[in-house]
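The structure appears right after this line, and notes come after that.
Bear in mind that the values in this text are calculations on the coordinates, not laboratory data. From a predicted model like this one, the values you see are computed outputs, not experimental measurements. Cβ placement follows ideal geometry from the backbone for every residue including glycine, while neighbour counts extend to all protein chains displayed.
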Amino acid sequence: MKQTVTRNGVGAWTTRKYDHEKAVGTLAFTDDLRFGPELLHARAFRSTKAHAEIVSIDVSEAMKVKGVVKVVVGENFVHRFGLYLHDRTPLAVGKVRYVGEPVALVVAETEEAAEEGMLKVTAKYRDLPPVFDPIKAATDNSVLVHPELETYEHVPFITPFPGTNIANWFRIRRGDVEKAFAESKYVVEEAVNCPQIAHGFLEPHCCICKEELSTGNLTIWSTAQSAFALREIIATGLGYPLAKIRVIAPPIGGGFGGKAGMTVEALCLAGAMDPDIKGRPVKLYIPREEVMLTSWVRQAYIAKIKLGIDADGKITAIKNNFYFDTGISAEYGANPVRSAGYSSTGCYYIPNVWTDSYAVYTNKPFGGAYRGFGLPELMGAMEVVIDIAARKIGMDPIEFRLKNMLRTGLPTCTGMPMNAHSLDTIVEKIVDRMKLKEKEPAKRKGWVRGKGFALALKAPAMPADASSSAIVKILGDGGVEVLAATMDMGQGAYTAYAQIASEELGIPIEKIRCYYPDTQSHPYDWQTVASRSCWSMGMAVKRAATDAREKLLALYAEFWQTDPETITIEHGIVKCKAKGKAEPIDVQVQNGFFMPSGKFVGGPIIGSGTFVPPDVVNPDPETGQSPKSVVHFTVGAVGVDVEVDPATGAVEVNKVSAGYDIGKAVSPMNVRGQIEGGTVQGISAGLMEAMYYDEHGKLLTPDFTDYKIATSMDVPGEVDAFWEETPEELSPYGNRGVAEHSMISPAPAINNALFDALGIRIHTYPTGRERVYKAIQEKKRGETDIWEYPYALEQSYKNAVKEWK
Amino acid sequence: MKRDVNFILNGRPVTLSVEPRTTLLRALREYGVTSVKRGCEEGECGTCTLVIDDLAQKSCMVLALEVEGKSVLTVEGLVAPNGDLHPLQQAFVEEGAIQCGFCTPGMIMTAYAFLRKNPDPTEAEVREALAGNLCRCTGYIPIFRAVMKAAKTMRELGSHPGAAR
Ligand code: FES
Ligand code: FES
């Protein structure tokens, strides 16, 4: 029997925690915290060279600026940091590796003085040849971005190749692809490329660090998605015990992966731990135009995919070559490369698989985690290639997808059986709602209209042993506090946890509070990434709430002299029908119950819960095979309807329909928010986003003037967000993640729609106005494909693809 | 050299002492009004938006000295004296128009100034009015819903709360 009753439990539409404070502007973000006049401010002096030895750095003029306290250079703070591979120093040591790399940190009494000081630092360099093209960097070792690669520590599940620019090489080898290609009726080989893109969160990174003078203890307030991972990375890099570091993570203004792991904190520590500074708090606020130069962005990629298809339209073999341009650091970026690799048959069952997925160093700002984590990259290519293949063999692209679909129980590319899902229902709904099989005339005069479709899939990409824990406290007035170190950066984690606690405790959601992470008070959680929180931390919160409930029921049972099973908690009232009792939870749950035995029993009720995925096995390094490579996959699909103005190349999205099988919507308001928000972010990425560089490697698009993201004017006329609920077995309520998934496939769906509208295939993202205009002109010249790759002279698609055989 | 600037902040007269080069954004944040967010300080993102004499302005693009004698309204100032949320704030909460909340104060202030001028807008007009305020989280869709809903509530109330300021 269910012993709890509540209105806003799991599955209820309810308003969100902390939205009230956000609406009135009183929620304090990191930049809003005040530290008094002792606070110092830091600003980075940055490299103007893409690759060079540092001959000298002159800080003498900077030190003369009123208010400048110290200028720290790389030699003052030589520590390597990294989540998966320790290849990053916060300040350049000996060499600069990209334009914009921090070379010195000016610390001053005011932000203005730090800026002035920064302008007065000078450096002399001896040029080294840079490498910007990831294909060249991967295949020609004449320029090495990290000649010291051999000496870097890394986790066992990544494979760097010292003596090359390859920071990670992930492989899948299954069956015999060459034999299958030879026996195939059709062989289709196509390529897609995409530049780096940026998270575009509206709150720039901000961090305050303080070293306690006498104890050396560190306190870090930061815009961090993952307080505990940050603490661990810092502790490892410094050789500090964990307990000497306290990380406080105030609310953050958007993350999308860009504030995961460790981002700017070590740079701030270079100031705060300086012998001349320690004892005073140092604040590092990253100005907007330096955000993309200070922390990671999404990796650029070139993907080549070869499919073998039999006479029935069944895909029999796939050969993948993925080059991820990871810039100068792969400390985080090594893993999206792996994530794309172990999902590299997409939403399809393909018996013979060969995948090489590489993280390649180049002299550019670096790549790392970004919503989707390797999967928007994979699907951006795969769903386009599938579309091309279907058309080449004369099959409807949707029928082709359904025919080859990775149905429940079939092996994924790593060999694990696919979990339960209803992707075919989702496909059916989208085909129907978007009238995907009908040609419709354009709504705008003189424009052309097209429709496109793409599937999506993603598993949480994390180490096999990523764990979570939570504490649930019942207060003396029946209120509840949940300590769960997930960062609620807008995705709504605390609302979901409050709903879980309400469900398990029968206490109204209004009485439940969740607090932002602080490593000093909260129990451990690995990271707020991978769309894992409502699942992994959800397990921990559910277990903690259940633990608290059982303790509470046991106490009331003893107090009322009955069995715990006869007691219910309804809207915060503890009831026992048999005994005719109904009492609101009161101070006894804090101070103890005076039992019929004449003794006090109990004391504060604290529930605890922990979770670690029990059965994940890292893929075999040679073959990529594993009985269970990931915890589960969430699947979905996107249909889009676009119109193009042939005169200008302008693209308008009329409508999008996006559906995902999320197992169970714990917090529907947030599920809808994640699908709507991610869909628009995906459209923005597909249509307008790219980081561009000049020939010396200087970023040309550092801020929102040049790096365009979707505004309210770019939102499609209609966005249909929906979900299916095929429960996941090992899950708090059957739920699976969805936060990243919505970003994965809008871009390829648009690409396919543009082909439908224009009859020419665009192989390069973004597919915005300029490129679409070019495509229209190329089509008039008889071209069937367009390919633009910034590092090659040869821009003919056919020749470019031939070149890398 | 610092100079004084006198203005009305959320209905109360204040005097701030500022450098001539200090922006209104930095001056207000320094003073303790941190609902105005600095997302870029380059006039690109809209997170610093507030209302000066009925006009939505990006406070990173205004020098503090420029508001001498004017009335400045930030999102804190929309809350009724009894603590009730303004219909716009309420609608943002109810419609899921807030995720991280970093764009929210600026977004609400733009919508506030817009609805004062156009109390019965079409959704297309709302989209256009919000075009200078970026939001990376929500995809704007719930924000459109919230502004339309707030407009309706305010028309039904027959008043525009906060107008007295
Ligand atoms: S901070 Fe003013 S517009 Fe971005
Ligand atoms: S809610 Fe995060 S930017 Fe709008």
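Looking only at residues that are polar (S, T, N, Q) and more than 15 Å from ligand 2 (Cβ to nearest atom) in the stretch A:8-29, which one is farthest from A:E725 (Cα to Cα)? I'd like the intermediate steps shown before the answer.
As a first pass, look at the stretch A:8-29 and keep what is polar (S, T, N, Q): A:8, A:14-15, A:26.
When the remaining residues are screened for being more than 15 Å from ligand 2 (Cβ to nearest atom), the result is A:8, A:14, A:26.
Working: A:N8: 19, A:T14: 19, A:T26: 37 Å.
Selected residue: A:T26.
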- Determine whether the stretch B:141-163 contains at least one residue that is under 23 Å from B:V62 (Cβ atoms) and facing chain A (nearest Cβ under 7 Å). no
The condition from (1) part of a helix (DSSP H, G or I); (2) at the interface with chain A (Cβ under 7 Å from one of its Cβ atoms) that B:A27 misses is numbered (2)
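From the list A:A260, A:A272, A:A266, A:A235, which one is aliphatic (A, V, I, L, M) and without any contact (Cβ under 8 Å) to a residue 24 or more places away in the chain? Steps first, please.
On the way: A:A260 fails: without any contact (Cβ under 8 Å) to a residue 24 or more places away in the chain; A:A272 fails: without any contact (Cβ under 8 Å) to a residue 24 or more places away in the chain; A:A266 fails: without any contact (Cβ under 8 Å) to a residue 24 or more places away in the chain.
None of the others qualify; the one that does is A:A235.
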Within the stretch A:567-601, residues closer than 17 Å to A:A545 by Cα and of a type outside the set (S, T, N, Q) come out as A:I567, A:I569, A:E570, A:H571, A:G572, A:I573, A:V574, A:I585, A:V589
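Can you tell me which residue within the stretch B:42-84, out of those that are of a type in the set (A, V, I, L, M, F, W, C), part of a helix (DSSP H, G or I) and more than 16 Å from ligand 1 (Cβ to nearest atom), is farthest from the other protein chains (Cβ to nearest Cβ)?
B:L65
Please specify each residue of the stretch B:109-140 satisfying the condition of being of a type in the set (A, V, I, L, M, F, W, C) and at the interface with chain A (Cβ under 7 Å from one of its Cβ atoms). Even if it seems obvious, please write down each step before you answer.
Within the stretch B:109-140, the first condition is being of a type in the set (A, V, I, L, M, F, W, C), and the residues that meet it are B:109, B:111, B:113-115, B:124, B:126, B:129-131, B:134-135, B:137.
Answer for the stretch B:109-140, where residues must be of a type in the set (A, V, I, L, M, F, W, C) and at the interface with chain A (Cβ under 7 Å from one of its Cβ atoms): B:L130, B:A131, B:L134, B:C137.
Table: residues versus (1) more than 20 Å from A:F132 (Cα to Cα); (2) of a type in the set (G, A, S); (3) touching a Gly at 6+ places or on another chain (Cβ under 9 Å).
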{"residue": "A:P766", "(1), (2), (3)": "no, no, yes"}
{"residue": "A:R771", "(1), (2), (3)": "yes, no, yes"}
{"residue": "A:E783", "(1), (2), (3)": "yes, no, no"}
{"residue": "A:I786", "(1), (2), (3)": "yes, no, no"}
{"residue": "A:A792", "(1), (2), (3)": "no, yes, no"}
{"residue": "A:A800", "(1), (2), (3)": "no, yes, no"}
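Are any of the residues in the stretch A:718-740 within 11 Å of chain B (Cβ to nearest Cβ) and among the acidic types (D, E)?
So the first thing to find is which residues in the stretch A:718-740 are within 11 Å of chain B (Cβ to nearest Cβ), and the list is A:718-721, A:739.
If we keep only those that are among the acidic types (D, E) too, we end up with A:718, A:720.
Among the residues of the stretch A:718-740, at least one is within 11 Å of chain B (Cβ to nearest Cβ) and among the acidic types (D, E), which makes the answer yes.
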- Task: State whether the residues of the stretch A:761-779 include one that is free of Cβ contacts under 8 Å to residues at least 12 places away in the same chain and either over 20 Å from A:F322 (Cβ atoms) or surrounded by fewer than 16 Cβ atoms within 10 Å (Cβ to Cβ) (or both).
- Result: yes
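So that you can scan it fast, the table gives a plain yes or no per residue for (1) in a loop (DSSP other than H, G, I, E, B); (2) within 14 Å of the chain's Cα centre (by Cα); (3) at the interface with another protein chain (Cβ under 7 Å from one of its Cβ atoms); (4) away from ligand 1 (no atom under 16 Å from the Cβ):
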residue: B:L88; (1), (2), (3), (4): no, yes, no, yes
residue: B:V93; (1), (2), (3), (4): no, no, yes, yes
residue: B:Q99; (1), (2), (3), (4): yes, no, yes, yes
residue: B:F102; (1), (2), (3), (4): yes, yes, yes, no
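Which of the strands (runs of 3 or more DSSP E) contained wholly in the stretch A:593-707 include at least 2 residues that are within 22 Å of A:Q527 (Cβ to Cβ)?
Working: elements: A:605-611, A:634-644, A:651-661.
Per the criteria, A:605-611.
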Of the conditions (1) part of a helix (DSSP H, G or I); (2) farther than 26 Å from A:K664 by Cβ; (3) not charged (D, E, K, R), the single one that A:Q520 does not satisfy is (1)
Looking across the stretch B:31-55 at residues that are within 14 Å of ligand 2 (Cβ to nearest atom) and hydrophobic (A, V, I, L, M, F, W, C), the single one that is surrounded by the fewest Cβ atoms within 10 Å (Cβ to Cβ) is B:C40
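Tell me which residues, restricted to the stretch B:121-144, are outside any loop (DSSP other than H, G, I, E, B) and within 14 Å of ligand 2 (Cβ to nearest atom). Please lay out each step first, then the result.
Initial filter on the stretch B:121-144 (outside any loop (DSSP other than H, G, I, E, B)): B:123-129, B:141-144.
Answer for the stretch B:121-144, where residues must be outside any loop (DSSP other than H, G, I, E, B) and within 14 Å of ligand 2 (Cβ to nearest atom): B:I141, B:P142, B:I143, B:F144.
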Residue in the stretch A:697-706 that is more than 25 Å from B:G132 (Cα to Cα), surrounded by 20 or more Cβ atoms within 10 Å (Cβ to Cβ) and touching a Phe, Trp or Tyr at 6+ places or on another chain (Cβ under 7 Å) present:
yes
Taking the stretch A:172-184 and keeping only residues that are surrounded by fewer than 21 Cβ atoms within 10 Å (Cβ to Cβ) and within 21 Å of A:A340 (Cβ to Cβ), one is left with A:R173, A:G175
